Amino acid sequence: MIDESVVATSGQREFMVVAHTGRAVVTRTVESIARHCAAAGVGLRIIDHDLTADNPATEDDVDQGERNDETDHKGTSHGDAADGDRGRRRPPSHPLDIEGLRELGADVTVAHGEPESAVGCEVVIVLGGDGTFLRAAELAYPAGVPVLGINLGHIGFLAEAEANRIDDVMAQLISRDYRVEPRMTLDISISHPARPGEVRRSWALNEVAVLNRTNNGVLELVTEVDGRPVSAFGADGVLVSTPTGSTAYAFSAGGPVMWPDLEAILVVPSNAHALFARPMVTSPRSQIAVEIDKQGRSAIALCDGRRQIFVPAGGRVEVVRSDRSVLWVRIDSDPFADRLVTKFDLPVTGWRGRQGEGK
């Protein structure tokens, strides 16, 4: 179900901005947002680490499509030095200028990047690519605040608009000319039979990737659906994804593209050493489990590429649809097929479409 309008409940309206400060265009984009907010009397809330030159977020903003080309199956850049940060060049940074935004007339407050940071905001505006969107979702999700992505990157599949449309976008936000739709998320729990009282939990908008912790050998695992074993195999890992995440890591692992309003859970083996280890599309009500061989290697559960949980040998990762959704701001009506063609630059030469009657 889609909410057709959003109405501020009480007090002054306030927008939060989460920015990827590694792109120069962020400066003029934020200034445009500040001008619109100042003219409309809307408050502006920004995150403290977007004000600093050493913002770590400038290094981990990877578009969903960029991940397919620039990262290997462990999510590690091929260009990384073998010993970590040594030899890596820090990307340029363009931190937000809070005093400059206030000089434009904006009522600016600063919040820490904590789960309650977005409480009371009407919308979280994301300036960056898909990595920045996932970072912002960590703030918006617990607060139940909708998220709007403005693409400053290359593909930016999670973004709703491009940076060159920022004036039009802000006019729609100010006038509340937008709608909000829910995107399903996953609840993840990790346990070990030897320690039944210890359960670690997280959530994911895109996917949880259960991966081999090392580059040596394969991870021996068994997949399970609704309490029944489906397949045992060795692999680099296995991904459990939402429809939203089907164009991200699951896509690069060979999974199908799923329309975001579809309700389903996708299971995609990553580089499996097996004759039958194919992607599976299961019911949204399914309970998915991945068991790690107790005689084999340990693993990690990586949620949206951001939240990492250790999974010991013999451990079990359970994934179900969450009762909570990430709220998504929609400001246009472009069909998903058009977004696919645009974002992935798909060839459509020769398409004629449905011909009118009598033609």
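Values for this structure:
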item: Cβ crowding within 10 Å averaged over residues, with 224-236, 139-151, 305-317 ranked highest first; result: 139-151, 305-317, 224-236
item: Net length gained if the chain between R285 and N215 were fully extended (0.36 nm per residue, minus Cα distance); result: 21.8 nm
item: Rg ratio (alpha-carbon, reference 2.2 N^0.38 Å) - region 185-323; result: 0.94
item: Counting all C-alpha pairs of region 122-242, share separated by more than 25 Å (%); result: 42
item: Nonlocal amide H pairs with G314, under 5 Å, H built at 1.01 Å; result: I292, D293, K294, G296
item: Stokes-Einstein diffusion coefficient of region 161-219, Kirkwood radius over Cα pairs, 25 °C, 0.890 mPa s, in µm²/s; result: 151
item: Hypothetical label at R28: residues of region 133-160 whose amide nitrogen lies under 17 Å (7 Å Cα-Cβ projection); result: 151-153
item: Peptides ranked, highest mean first, by Cβ atoms within 10 Å: ranges 164-173, 15-24; result: 15-24, 164-173
item: Accessible surface of region 185-323 [probe 1.4 Å, protein heavy atoms]: carbon and sulfur percent; result: 47
item: FRET efficiency, L346 to S189 (Cβ-Cβ, R0 41 Å, nearest 0.05); result: 0.65
item: Net length gained if the chain between L51 and D167 were fully extended (0.36 nm per residue, minus Cα distance); result: 39.5 nm
item: Sequence of M280, M258 when ordered by accessible area, the most exposed leading, probe 1.4 angstrom; result: M280, M258
item: Förster radius 56 Å - calculated FRET efficiency between L275 and T109, Cβ distance, rounded to 0.05; result: 0.45
item: Shape category assigned to region 212-286 from the gyration tensor of Cα positions, a/c cut at 1.5; result: oblate
item: Relative contact order, percent, region 185-323 [alpha-carbon distance under 8 Å, six or more residues apart]; result: 31
item: Burial ranking of peptide ranges 320-329, 183-192 (average Cβ count within 10 Å, highest at the top); result: 183-192, 320-329
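The values are calculated or read from the model by the stated rules, or taken from the named source; none is laboratory data. Note that this is a predicted model, so its numbers are computed, not measured. Quick reminder, even Gly has a Cβ in these numbers, built from the backbone with ideal geometry, and neighbours come from all protein chains shown. We work out accessible area using only protein heavy atoms, side chains counted, and drop any ligands, DNA or RNA first. Shrake-Rupley method; radii C 1.70, N 1.55, O 1.52, S 1.80 Å.
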